[in-house]
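What follows draws every value from the coordinates through simple rules; no lab data is involved. None of these values were measured; they are calculated from a predicted model. Cβ sites come from the backbone with ideal geometry, for glycine too, and all protein chains shown count toward neighbours.
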Amino acid sequence: MTTQGQSDFDPVSGRTTTGHEWDGIRELNTPLPRWWLWTFYATILWSVAYWVAYPSWPLATSFAGGAFGWTSRGAVSAEIDALNERRASQGAGLASATFAAIARDPKLMSIALAQGRVAFADNCAPCHGAGGGGGVNFPNLADDDWLWGGTLEEIAATITNGVRVDGVKATRLSLMPAFGKDNLLNADEILAVANHVRSLAGLDTQKGANLALGAKTFGDACASCHGPGGKGNPMVGAPNLTDAIWLYGSEIPSIVATISNPRNGVMPAWGGRLDPVTIKSLALYVHSLGGGK
């Protein structure tokens, strides 16, 4: 039970009470330590000084700039500018040097690979993986299978112009027909072609598969891009169907889905986002992952 009375003196502690009492226990009127009070007052003064020195007050359409004119955005911009200056001085020779010249110069090559590694982690790794290993729907950049060619120049062109990017004239462009969706082939023909494609890669086919129909349909509808033997054609971005590398999976349902309604994946055109030196460094780094030609 709580009661309210008049404050009095407590002989045990030598302090006055507040007048509050709980079940016979009286509350002492003990002041806060002076060091704590002065610390508290100092934080109040510090907050006022901070409000004046740094941007902290919102205005109708912007914010108070602060006496020092400092902003976190401005600090980041300054750091980026300083980084770009250091990169420009370190890699001054990268802009004008050819790929062959960079490969012959250990110092330039070291700088290019370092810049390319960072650029890859920032821009490419979300799709292609940290080590370029790719995954289902995303190409592996560390193998020797290249839809558009794996030389340094070809890799740089792909990075610059992207794949199937609207509005980019030099973008890598190939569109596999939707043989099923557009009724170019019937279901039996598509299934036969799927089994034929697996046989080209040395994979097992379904029991009773009509491989003769598959071979004929492949020759009529697919060989113009993939080649009569399914070896592919980098000139049009047609993949090699005879190896063990499958972008969308090698199972019959996956192949049937691709033939029926192709995925036609898109890669951004980095030419409008990254500077030429960064793109050159990226090409060298991707080439160094092990799959370049």
Return the long-range amide H neighbours of His20 (sequence gap of 5 or more, or a different chain), with a cut-off of under 5 Å between placed amide H atoms. Gly5, Glu27
What residues qualify as long-range amide H neighbours of Ala238, i.e. H under 5 Å apart, gap of 5 or more or another chain, H built at 1.01 Å from N? Asn233
Long-range amide H partners of Arg172, meaning residues 5 or more apart or on another chain whose placed amide H is closer than 5 Å, are Gly162, Val163, Arg164, Val165
With x for Gly and Pro, the residue-by-residue ³J(HN,Hα) of region 33-49, computed from phi through the Karplus equation 6.51 cos²θ - 1.76 cosθ + 1.60 at θ = phi - 60° and given in whole Hz, is x, 5, 4, 5, 4, 5, 5, 4, 5, 5, 5, 5, 5, 4, 5, 5, 4
Quick calc, the chain, dipole around Cα centre from Cβ unit charges on Lys, Arg (+) and Asp, Glu (-), nearest 20 debye, gives 740
Shape descriptor, the chain: equivalent ellipsoid semi-axes (Cα gyration tensor, sqrt 5λ, whole Å, largest first) stand at 68, 32, 18
Centroid-to-centroid separation of region 211-256 and region 4-59 [C-alpha atoms, Å]: 81
How charged is the neighbourhood of Ser281? Take every other residue with its Cβ under 13 Å from the Cβ of Ser281, and add Lys/Arg as +1 and Asp/Glu as -1. +1
Along the charge dipole of the chain, which of His226, Gly208, Thr61 sits closest to the positive end, that is, farthest toward it, with unit charges on the beta carbon of Lys, Arg, Asp and Glu (+1, +1, -1, -1)? His226
Above 23 angstrom, tally the Cα pairs of region 20-141 and express them as a % of all pairs, no decimals. 68
Go through His196, Ser174, Asn186 and say which Cα lies farthest out towards the positive end of the charge dipole of region 163-202; charges sit on Cβ, +1 for Lys and Arg, -1 for Asp and Glu. Ser174
